[in-house]
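Below you'll find the structure, written out as structure tokens, and then a few comments.
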Amino acid sequence: MAVPILPNPSNFLGVALVINRSRDGPRFVFHYPPKIPPISKHIPNKGTPDKLDDDDVLLDCIPEPNRGITTGPKGVDLTQWDHDEHLETDSGSQVVPWEHVGGFPTKDLESLLTPARAFHKKLFQISLDQLYAVSYPIYAPESGLWKKKKKQAKSRPSNSKFGGEDGDASIKPDESVTLAEDVPPIEIKDMATETEGADEAVTEGKKSGMTMFNLVFILNPKKHEAKQLVDTLYFHIIRKINKAYKYSQQRSDFVWKESKRILLLKDKGREDKTRMTALWREILETSSLASSMQDIYEAVSQNKIAALQLGTAEGTLTHSVQIPVPFYLPDLPSDNEISAASAGSKGLWITTANSFADADALDDPSFLDRNFALLLLNDEKKIIAELQADPDETTNAMVEFVRLSKPTMSFHQIGHAGILSPAQVRKYAQHFIFWRRAIAVPPLHARDVYIISPNSSTDSLPTASQAWAKAFPLAPPLPNFLADLSNAPRPYKWFSPSKAHRPTYLQMLAWLMRGGWVTQLCTFAYVVVWPEIQYEVEYQLEADELRRSSSASDDGASAADDTAHEVESREASPGSTIFSDQRTSSSPEAIQRTANEQVAEKARLDRLADRASRLQAEKAAQHARKQVPINTDHPSINTAAHLAKLEPYIIVDAKKATGKDSLYLSAIGRRFRDPKVRASWPVFWKYFNGRSALERIALQEDSMKRKEAWGLLTGMSEFLLTVRHW
């Protein structure tokens, strides 16, 4: 699986707000961080550098004396400027530090970043050298009035914790919890999605001085990462934040009022020649709009959840956005994929439990309920305190869900405990997974095998060892425990000193899974068809074919005799004689020709019948000379001479077996002497596809214990080829 391209300080340089005023035109309001250096000065994080194209190499060879130097007023060398103090030119003009962003004057940027109305609520993207400016411009209605008064809609139950009007995260009772990174985010209600000229909309108030605002994301992606990074930010962050700002602007003119406040502070700072660091500190303390831009950059660039608090006239509006990230990897990144983008995947839980599931299975709620449990990533008491701090009608049920959720209990078990319904369990699990408070894991069990994860972050082992010793003071040191797990993989219960210690050791296992230190070693199987089974099926197919051919030959001979008898009787009948006399009298030559054709056709049919008879006899003789199949107790070690030319055959997916493969499966099933094993074979073979872990068969089958499942698998083991991995 390709490592997702996520924003980081090397490819996400900052955010900027541009507005368009009705009289004075565009204005560059604010940007964060304060100092966005020119691209030539920006030092990316450690990682694999972008490969240069031939054109890039040629450009590098061209001498450019001004490369890396930000152009400025005459007599000012901006290369030595710290972008904090104000400068004065030889002519007496002032160079203001916040009027240069990314090496470009804000006077130029504010015009470039004010697109036409055609880009209203659409992706707007422009490249400046190697910089990308990406945004979602929001225009005021044609009337110039942001505020609208709408008719009261019919009241309907709200579900603020689990979705908004757009339905991106609203959960239906029969929906299943999605375990991948594509869970849709929770979005605020957009109050301005209706048609601007609707009859029910009654405008009020006066025209705003602002006709457009545009929150711009300034990016510096690598060439091969640009499209994916832009799409990711646009879909999950840019669009949603601009909608939140639009909602605030419609309700209380928030963006315009905050913009005026920021511009006044900047104008005052220009007059007083205030240092940029001091001015930005004052703006961030004064304006919640500027503070929200700071939160956006710092959270998104560090791949965290951005929690915005917009101080509007009607109260504080809270809104959270994030880029959903995978909490697991199905495989280690290849050498070609190792880069700054994949560095964040170090320490992720590595497993194929999610990626190997069929699409049909992921759409089946019962599959997810039985195969997964919830592993909280934070302390249970801390999560409950967060829920109780913002109570609503779902708080009590969610608190109860947190208390019930144990990594050893599947969603199916929680949903059938009688306290919460299965639909509630799936809904709340989705909520906690999306907001990074939990991950979905196969239920932990003492009889499963766990090993140290090859994707574990060994650099953080010293810090983790201290946390481990604090959480489990009586446990072995973390390095020793991890070494024991992988020294000789065996069921986890063997590491527990006694059965009384097992609950504590399962808590230790949950701690290790939470940090990505261990992963489950699973067993996967394919059906292997031994030569003895192949020979038996081929022999039976040949015998059935001979039997059908013999039956067909007998039927053909009988039909030929009947036809000849019918012709003779017809010729002997009086009508035939009269008809024959008529033909003879009318055309003797035609009658002669017809008789000759009949003789020739009869001779041809006789030859074909003789040939088919000979071939049939030869096949029957060859089949009779073959060794009659003998059912041995262990077909896997049968080395009889008549099997020497046959090789073992693997059925890749027994569930989809057709034709000869299905005959092989049936023949294998007849070999089992234990009636229970024979009856379970058609039920179990759907798991023998190399993608379904055998450890989870007991979870899928109703009323089946793990011990019983493994007993049945042991009885089938001679016909299974097993592999073990995560």
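The values are calculated or read from the model by the stated rules, or taken from the named source; none is laboratory data. Computed from a prediction, not measured in an experiment: that's the story for all the values here. Quick reminder, even Gly has a Cβ in these numbers, built from the backbone with ideal geometry, and neighbours come from all protein chains shown. Note: areas computed on protein heavy atoms with side chains; ligands, DNA, RNA excluded. Shrake-Rupley method; radii C 1.70, N 1.55, O 1.52, S 1.80 Å.
A compact table of results
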quantity	calculated
Test set (1) modelled with pLDDT of 65 or more; (2) part of a loop (DSSP other than H, G, I, E, B); (3) over 18 Å from Pro9 (Cα atoms) - Pro38 fails condition number	(3)
Residue among Phe481, Phe524 that alone is farther than 28 Å from Arg691 by Cα and open to solvent by less than 20 Å² (accessible area, probe 1.4 Å)	Phe481
Matching residues, the stretch 447-456, being within 27 Å of the chain's Cα centre (by Cα) and either among the hydrophobic types (A, V, I, L, M, F, W, C) or open to solvent by 30 Å² or more (accessible area, probe 1.4 Å) (or both)	Val449, Ile451, Ile452, Pro454
Output for the stretch 86-120, where each listed residue is exposed (fewer than 15 other Cβ atoms within 10 Å of the Cβ) and within 20 Å of Thr211 (Cβ to Cβ)	Lys107, Ser111, Leu112, Ala116, Arg117, Ala118
Hits in the stretch 390-413 - residues which are of a type in the set (Ser, Thr, Tyr) and farther than 14 Å from Ala440 by Cα	Thr394, Thr395
Any hit, the stretch 310-320, residues being assigned to a loop (DSSP other than H, G, I, E, B) and more than 40 Å from the chain's Cα centre (by Cα)	yes
Residue in the stretch 509-521 that is nearest to Ala438 (Cα to Cα), counting only those that are touching a residue at least 60 places away in the same chain (Cβ under 8 Å) and open to solvent by 30 Å² or more (accessible area, probe 1.4 Å)	Arg514
Pair list, Cβ < 7 Å and 6+ apart or interchain, from the stretch 478-490 residues that are in the same structural domain as Gln466 (by the TED database) to residues that are surrounded by fewer than 14 Cβ atoms within 10 Å (Cβ to Cβ)	none
Checking Lys427 against (1) within 22 Å of Ser320 (Cα to Cα); (2) touching a Leu at 6+ places or on another chain (Cβ under 8 Å); (3) buried (at least 22 other Cβ atoms within 10 Å of the Cβ), the condition it does not meet	(2)
Conditions (1) at pLDDT 85 or above; (2) hydrophobic (A, V, I, L, M, F, W, C); (3) open to solvent by 40 Å² or more (accessible area, probe 1.4 Å); number of the one not met by Leu506	(3)
Any hit, the stretch 251-265, residues being buried (at least 20 other Cβ atoms within 10 Å of the Cβ), out of contact with any Ser or Thr (no Cβ under 8 Å at 6 or more places or on another chain), outside any loop (DSSP other than H, G, I, E, B) and in the same structural domain as Gln125 (by the TED database)	yes
Answer residue from the stretch 392-414, given it is in a loop (DSSP other than H, G, I, E, B) and touching a residue at least 40 places away in the same chain (Cβ under 8 Å) and is surrounded by the most Cβ atoms within 10 Å (Cβ to Cβ) among those	Pro407
Matching option when the condition is in contact with a helix residue (DSSP H, G or I) (Cβ under 8 Å, 6 or more places away or on another chain), assigned to a loop (DSSP other than H, G, I, E, B) and either surrounded by fewer than 21 Cβ atoms within 10 Å (Cβ to Cβ) or not aromatic (Phe, Trp, Tyr) (or both), among Ala464, Ala469, Ala417	Ala417
The stretch 4-17 residues that are within 15 Å of Pro38 (Cα to Cα), paired with ones that are buried (at least 22 other Cβ atoms within 10 Å of the Cβ) and small (Gly, Ala, Ser) (beta carbon under 7 Å, 6 or more apart)	Leu13/Gly102
Residue in the stretch 372-390 that is at pLDDT 70 or above, of a type in the set (Val, Ile, Thr), in contact with a helix residue (DSSP H, G or I) (Cβ under 6 Å, 6 or more places away or on another chain) and surrounded by fewer than 21 Cβ atoms within 10 Å (Cβ to Cβ) present	yes
